[in-house]
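Laboratory data are not the source of any read-out in this text; all were calculated from the coordinates shown. Quick caveat, the model's predicted, so the values are computed rather than measured. All Cβ positions, glycine included, derive from the backbone under ideal geometry; neighbour counts span all protein chains shown.
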Amino acid sequence: MSYSTENIRNIALAGHAGAGKTTLFEALLHAGGVIQAPGSVERGTTQSDTDVQEKARGHSIDSAIAGIDRGGCHINLVDTAGYADFRGGTLSAFAAVETVAIVVNATNGIEHGTRRMMERARARGLARVLVVNKIDFEGARLSTLVDMLREEFGSECLPVNLPAQGGKQVLDCFFHSEGATDFSSLAAAHQQIVDQVVEINEATMGAYLDNGEAALGREQLHDAFEQCLREGHLVPICFVSARNGVGVAQFLELAERLLPNPAEGNPPPFVNGEGEAVTVNADPAQHVVADVFKIVNDPFVGKLGVFRVWQGTIRRDTQLFVDDGRKPFKVGHLFRLNGRTHVEIEQAIPGDIAAVAKVEEIHFDAVLHDSHEEDTIRLAPMDFPQPMFGLALTPKHKGQEQKLSQALARLAEEDPCLRTEHHKELNETVVRGLSELHLKVMLERMRERYGVEVETHPPRIAYRETIAAHADGHHRHKKQTGGAGQFGEVFLRVDPLDRGAGFQFVDEVKGGVIPNQYLPAIEKGVRQAMETGAVAGYPMQDLRVTVYDGKYHPVDSKEVAFVSAGRKAFMDAVGKARPIVLEPIVDVEVAIPENSVGDVTGSLAAKRARIMGTNTQRGGELLIRAQAPLAELTDYPTELKAMTGGQGRYSLDLSHYEPVPPPVQKQLSEAWKPHVEED
C-alpha cells in the first residue's frame, strides 16, 4: 500500500499491568485485517508476546510493533509492557509516536501504571487517549469511572464515544448526537466535547458562537480537535471490550479521522551538540534524520535496529551514518515489523517505523542520517527510571567470563534500564535493573539465549562520596631517573555543589604558569581520584575543582607528571574538605491489602523510611508512598511477601542522594581502609 506522511498514525498502547493491552493489540490487528483471528495471551499465540519468557509468564516484557492499513491510512501500533519492572521498553516507544493510548481496566479503575503513563506522556508532549477496556466485565461501573478519570486527570478528559446495550455496543458522540447509551445522554456528551474543542482558538470559537455547530466543517473540527490533543486541552475517553471486539473498529476510526499524523504532532525534542533546539521537518525530500528507539538481537536475522524516520526518505542502498561516525553503512535490507514477522519494504518516509539488520555500530538512541550536517543532532533523552536493584554475577562454569561479558552486553543493548558494571578492586561484575523480577527475567534470558549460567550474590550498594566544605590542595610531582625527569606542580581548590549537580572543572590559571596543554592531564588525574573515592572507595560527585596556580619545567614537564600532580593535589584538598558518604534514597510505592497496613508501615519505619502519604485504591487496596535508603531494602521483596501473604507489590525510583548517618559512614570507611592499606 502506498501512503503519505499525512496518512500515518503512530500509537503506543500503555497502562497498568492486566489492563488488556496485548488483547487489545490483537483485536485491533484483527479488525484491521492483519490477522485472521486474535491470538490468546493464555495460549501464547499473540503477535506481540513471542519471547519464551513472555509466553511462560502470560504478560509482555518487550514492546512489539505492527502496522494496519485501513482506508488509505497506515497505523503503527506499539504494544508495551505494563509491569513497572520492564518500563525501559515502554518509555523507549514514546520516542517513536505522536499518541499514547493509556488502557484502563474498567473493573480495577485508576491504577499506579495509569498515573505513571499519563504523566510520562504529558511530559513528553504526546497526545493522550484513555481507552477503557473490559467494559462488559462484571463489576465495571463505567459512569463512576469516567468521573474518577476526570477528577484524577482533569476536566479535559471527555468521552468521544459511549457504551450502549450493557457494553455490547459503542456509539460515537463526537460526530453524532442521537442514540441511547448505558449512561449519560449522547446529545449531552456530544455538546460537552464540542464545547471543549471549539474553545481552543478564537477563529473556531467565533464561528461557533456566531452560527452554531453547523458553521464548523469537518476539516475545521478536525484541526481544532488535533490542536486540543497537541496542547493537552483534550484527553478523549473511549470504550472497548478487546475480548469481544466491541468498540475496536470505533477506536481505529478515531485514529484515522482525528488523531495527529506525524506532521501534526508536537515537534520532536531534537538538540545539537550545544544543547540548542533543532527543527526537524516531516519532509521526505530533505536530509534523512531517524532515531533508533529499539534494539533486537534476533537469533535468525541478527542485530536489528528499529527506528522512527523523522525527516527524509530511507531506501534500499541509502548510505547512512550513525551519530558522528565517519564511515557510512549501506542499507541492504529495509524491514517493517509486524509482530513476529519482518516484512521487507522499498522505502521508509517521515513517520514510518522501520528496521535495518546486521549493522553492529547501531545502538539504542542512535541518530541515523545521510549528511554530516546532522552529525551532532540528538533526540533529547528520555528520563528513564534509574536501575537500583543489583546482583553481582560470577559464571557457574570456568572459562565463561568472556561469554558472560558478551551476553550482558547484548542484553543491555536491548534494555535502556539495564546496566552492567565491573568493579576492578573487587573483581566483581554487577548487573543493575529496576527490580528483582527484572533481573530474574534477564538471567533466564541469558541462560536460554546464550547458554550462560551464573551464581549471584548481593553487590555493594551504589553509595557516592562528596565534600561538605571548601578547601585548597597542593602537590609537586618531581621525579629524576638519570635522563629526562618528570615535573608538575598544581594548586587547586575544591567546593561543594548542590546535590545532583555532578562535577565541574574550572581553569583559573593566569600568566601561563601551567601551559594549556597540561590542563586536560590535571583533569584526568582529578577524575581518576574521583573514581576511587576518598572515604570509603565510592565515586565522588557534586563538587567543583578549580585549578588556579602551579609550575612547569620546559624540559621535564610531561602529561604523566601533571596527571599525578592533579590527582594528589585533589586528594590533599578533599582530605581537608570534610568528605562525606552519600546514600541513594528511593521513592517507594507499596500497594497492600488494608489489613496489612500496620505491619508494612512499621517495617518501613524500622528501615529509616519517611512515610509521605497513603491513598485507598479501588478494591480495598492501600497505596503507601515513602522515601527510604536503598541499603535498607535489600531483602524487601521477601519481607513484603511474608507480611501480606503474597498480595503486596511495590516499585522503586531513585529520588536523590543524601549523607549517611555518622555510624554508617564510620563502618563503610573502616571496611575500606584494610583494602587501601593492602594496595
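One table, with the values for the structure above:
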read-out	value
Proxy reagent accessibility, fewest Cβ within 10 Å first, across His30, His656	His656, His30
Helix-only [θ]222 nm of the chain, DSSP H runs n ≥ 4, -39500 (n - 2.57) each, per residue, nearest 500	-8500 deg cm²/dmol
Sparse-neighbourhood loop sites, trypsin sites (Lys or Arg not before Pro) in the range 1-74 - DSSP loop, at most 14 other Cβ within 10 angstrom	Arg43
Angle in degrees between helix 662-678 and the longest Cα principal axis of the chain, rounded to the nearest 10	50
Net lengthening on full extension, Asp495/Val271 (0.36 nm per residue, minus Cα-Cα)	77.6 nm
Estimated FRET transfer efficiency when R0 is 35 angstrom, pair Glu151-Ala605 (beta carbons, to 0.05)	0.65
Angle between the chain longest axis and helix 218-230 axis [Cα atoms, degrees, rounded to 10]	30
Cβ-based exposure ranking for Glu151, Glu226, in which fewest neighbours within 10 Å come first	Glu151, Glu226
The range 230-266 residues near the modelled Arg43 label - backbone nitrogen below 17 Å, point 7 Å along Cα→Cβ	243-245
Distance (nanometres) between label positions extended 7 Å along Cα→Cβ at Arg257 and Asp283	3.4
Two-decimal log10 I(q)/I(0) for the range 404-469, as the Debye equation yields it once each C-alpha is a single scatterer, q = 0.13, 0.17 Å⁻¹	-0.40, -0.64
Cβ-derived FRET efficiency at R0 41 Å, Ser371 paired with Ala203, nearest 0.05	0.60
Above-threshold pairs, the threshold being 18 Å between Cα atoms, out of Lys303/Lys330; Lys358/Lys403; Lys21/Lys55	Lys358/Lys403
Rounded to 10°, Cα long-axis angle of helix 21-31 versus longest principal axis of the chain	50
Least to most buried among Phe364, Phe307 (fewest other Cβ within 10 Å first)	Phe364, Phe307
Difference of contour (0.36 nm per residue) and Cα-Cα distance, Asn244 to Gln53	66.1 nm
